[in-house]
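Okay, so here's the structure we're looking at.
No value in this document is a laboratory result; all are computed from the given coordinates. Just so it is clear, the structure is predicted and the values come from calculations on it, not from any experiment. We place every Cβ from the backbone using ideal geometry, glycine too, and count neighbours over all the protein chains shown.
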């Protein structure tokens, strides 16, 4: 099923902005091609001179109707994945009149005005400035005009109002659209001798295609009319839902979905205000039973409305009443608040039955999320780590950890989880308690070479500000760019901090498994991370790489993509590679699934590198352009496969290509 930006609650992310920008550009280009950069042509529809507006708008509406209806029929999207505007008859009629008058007077609407402005039309700019000014004026007088929004009736679909099926409505609307296309061509032909498509092969094929699509919808969606159900039918539907268990949600499922930030859930506490203020489930709103129809009207048949009280009697009665009023998306919390507390919030130590370790971690996560009071800074007061020691017996450090291990140890002391994704992604939802870090903040200009790993004293300052101590286990969480995690791992190497691991599959795997998420910024108590005077042994400089060229038994491993190795592509002063170097692109060590990327199996990696590196102690220098990609190969060779002679050339091709005295092949 398609997870839309609306249903996933990510409308404010960079990905959503980019998608909106791309759609806007394509839409604007289509309008420009249709001639919508000219107000003269746009206003031609009012004089039956140019029917382009009717043809383009009918095409857009029909295509959108086909797309969403077929997607629903195939099960790609559900009603909960799409935002539908509520029906506000008075407001929408007034708005339509204002829009229409503005269109007639100016020849522009907001979308076509933007197209006209992009084409350099001064009148379009004047219209858009007026639209902005009008919006600001409306915002100021809204309290006076707010009465026009008082007739909110939730979401009402045209086919429901007409008592026909969705497929039938689509079919009849397609007939109207085809008639509109032919009528527009006929009018243009009769009045002005244009009508270029009248009787043309294109118009015939286009019309037939629309009919075929409409018949397809009839076949898939059906022709049964959605006539208002009788009282008896409503009772039958209600009882059928009860029998199939479609009226409730279990406490554990609710806890997981709320912890994961599910935006589709509206949790409604129908107890008294006094009871609600004493304690309620986090994110719940308090609505009295008599006020439910009005308070929930805007969410009618959108998302999940979950009612709860101390028990289930009153929520069940309220749910039945709302069902008869047309609310098909109302659920009950099984066993009410008392059941939720017993199942999800009761401490493990007070439970008589044995609790599996994975469930222990979940209960701890639920208790932290739902029981911790929120301070004025937005931080939960009981985020303190458990005093239980981390279970490191199954780990090889540095190395990898699985999501099962992390969820079991997530709230234990001595663990620091570092999220390496972009900050907007982190802010939208992250592993509870994790800290945000941009890997690039650990690099800078060193000895004239950009993007070099910072010296130990500066790295120690970073770790100190994050509250990390030498005995902490640092778990690095990235996206599909595993080299982000391994680059931070190199910072740990420079400080001698071997207690670090990379989360296998990263955040995408954690999210795909529906593990807990949070949006709270954790509090940090700065530490004083020490800097040792030990000699660093895992890095090399250009002179050491130069000395390795042609040296018997030594290997220089270039992990850049093949086109950069051969010189077919270049992004530095010179193209090519260090003489005698072997190319093994870093990306070949990674396998991808539909949900996430992870390192290939140890057996597969070992077999490949055994053909490149003859012995575990063979001297090997790994490099890329800036050390970023090479850090991944270093991690694979040293920490996953056990090679002992591997060095990291951080300055890489950036330095080598820029120094003319160094040889290039």
Within 10 Å of each residue's Cβ, count the other Cβ atoms and sort 476, 332 from fewest upward.
-> 332, 476
Between residue 85 and residue 358, the two model label points (7 Å from Cα along the beta-carbon direction) sit apart by a distance in nm of 4.6 nm
Fewest-first ranking of 77, 26, using other Cβ atoms within 10 Å as the exposure measure | 26, 77
Report the FRET efficiency, 1/(1 + (r/R0)^6), for residue 588 and residue 396, where r is their Cβ-Cβ distance and R0 is 25 Å, rounded to 0.05.
-> 0.60
Would you mind ranking 282, 299 by Cβ crowding within 10 Å, fewest neighbours first?
-> 282, 299
Would you mind getting me the FRET efficiency between residue 135 and residue 202? Use the beta-carbon distance for r and R0 = 35 Å, nearest 0.05.
-> 0.30
Residue 471 and residue 125 label points (each 7 Å along its Cα→Cβ direction) are spaced in nm at 6.8 nm
Enumerate the whole-percent occupancy of each 10 Å bin, from 0 to the last occupied one, for all C-alpha pair distances of the range 231-345.
-> 14, 49, 32, 5, 0
Extension gain (nm, one decimal) between residue 277 and residue 601, 0.36 nm per residue minus Cα-Cα | 111.4 nm
Please sort 434-441, 283-290 by packing, taking for each peptide the average over its residues of neighbouring beta carbons within 10 angstrom, highest first.
-> 434-441, 283-290
By average C-beta atoms within 10 angstrom, highest first, the peptides 450-458, 622-630 | 622-630, 450-458
For residue 446 and residue 253 in the same chain, what is the full-extension length gain: residue separation times 0.36 nm, less their Cα-Cα distance, in nm?
-> 64.4 nm
Mind checking Rg over Rh on the range 399-512, alpha carbons, Kirkwood formula for Rh?
-> 0.95
With label points built 7 Å along Cα→Cβ from the Cα atoms of residue 92 and residue 571, find their separation and express it in nm.
-> 4.9 nm
